[in-house]
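The values are calculated or read from the model by the stated rules, or taken from the named source; none is laboratory data. What you are looking at is a predicted structure, and each value in this text was computed from that prediction instead of being measured. Positions of Cβ are generated from backbone atoms using ideal geometry, with glycine treated the same way; all protein chains shown enter the neighbour counts.
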Amino acid sequence: MAISTADRGQNRRGLRAVSWGIAALTCVSLLTGCSGQKHDESLGTDPASPTAVTPSAGGSADPKSATSAVLSAYNGMREIQIRMNEDGQLHTLDLAKYTKDQAATDLKKAVLRNEQLGIKFSGRPTMNPKVTAADTAKKTATVTDCFDATNWKPVYKDSGKPVQVPEQRLRYPVTSQATLEGATWFITKVSANRDHGC
């Protein structure tokens, strides 16, 4: 059967949406491959229970406490992101423990977009996040990460077949901003630089 011009246009829009959704997801994703650290060391979690990350309480002026709390927020956000993209559910209450503002909005939009397209993610990304700045007086912190989505693949829910997307860099630096509210750090913005590898 011949494919109409309208059908071809719809397919192209769908592919662009998938590609954009993957970019949005990986902008705020999780990884381990940059330093060669083991998965559980880089995440600070037991691989057998990947969501066992405690909420990011830690608003003291102690730099080590702040760094630990910011990393906890970042890793917690990533674990919820992975879970959302496995089951297509938003997990809004869990996500709210670790993130808000633009970061939370971008994560939820990407999940909803992929759910509409019948897509989920299989496998896991890896990360190696580091807190590169933390100012408890200004209540801000910065996390840099090497995000690697090589083993985190979009597949069609119904068939399990891989989604064919335009070729793009799968390992690149990500910078996230965190904000301290009361005694809790939240990730508020995530930016990826796909022009460079890491």
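State whether one or more residues within the range 130-142 are of a type outside the set (Gly, Ala, Ser), out of contact with any Cys (no Cβ under 7 Å at 6 or more places or on another chain), outside any strand (DSSP E or B) and at positive phi.
Yes: the range 130-142 contains one or more residues that are of a type outside the set (Gly, Ala, Ser), out of contact with any Cys (no Cβ under 7 Å at 6 or more places or on another chain), outside any strand (DSSP E or B) and at positive phi.
So, of the residues in the range 147-186 that are of a type in the set (Asp, Glu) and either buried (at least 19 other Cβ atoms within 10 Å of the Cβ) or over 20 Å from the mean Cα position of the chain (by Cα) (or both), which turns out to be farthest from Arg113 (Cα to Cα)?
Quick first cut of the range 147-186, residues of a type in the set (Asp, Glu) only: 148, 158, 167, 181.
Those still in the list that are either buried (at least 19 other Cβ atoms within 10 Å of the Cβ) or over 20 Å from the mean Cα position of the chain (by Cα) (or both) too: 148, 158, 181.
Details: Asp148: 21, Asp158: 16, Glu181: 30 Å.
Ranking the candidates gives Glu181 first.
From the list Ala110, Ala96, exactly one residue is surrounded by fewer than 20 Cβ atoms within 10 Å (Cβ to Cβ) and not charged (D, E, K, R). Which is it?
Exactly one of Ala110, Ala96 is surrounded by fewer than 20 Cβ atoms within 10 Å (Cβ to Cβ) and not charged (D, E, K, R), namely Ala96.
Going by the structure shown, is Ala96 in contact with a helix residue (DSSP H, G or I) (Cβ under 8 Å, 6 or more places away or on another chain), farther than 26 Å from Pro173 by Cβ and among the aliphatic types (A, V, I, L, M)?
Criteria met by Ala96.
Conditions (1) in contact with an Asp or Glu (Cβ under 9 Å, 6 or more places away or on another chain); (2) surrounded by 17 or more Cβ atoms within 10 Å (Cβ to Cβ); (3) modelled with pLDDT under 95, marked per residue:
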residue	(1), (2), (3)
Asn75	no, yes, no
Asn85	no, yes, no
Ala104	no, yes, no
Pro125	yes, yes, no
Lys138	no, no, no
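When both residues are 6+ apart or on different chains and their Cβ atoms are under 8 Å apart, which pairs have a first residue that lies in the range 73-98 and is under 13 Å from Thr184 (Cβ atoms) and without any contact (Cβ under 8 Å) to a residue 40 or more places away in the chain, and a second that is of a type in the set (Phe, Trp, Tyr) and buried (at least 20 other Cβ atoms within 10 Å of the Cβ)?
Gly76/Tyr98
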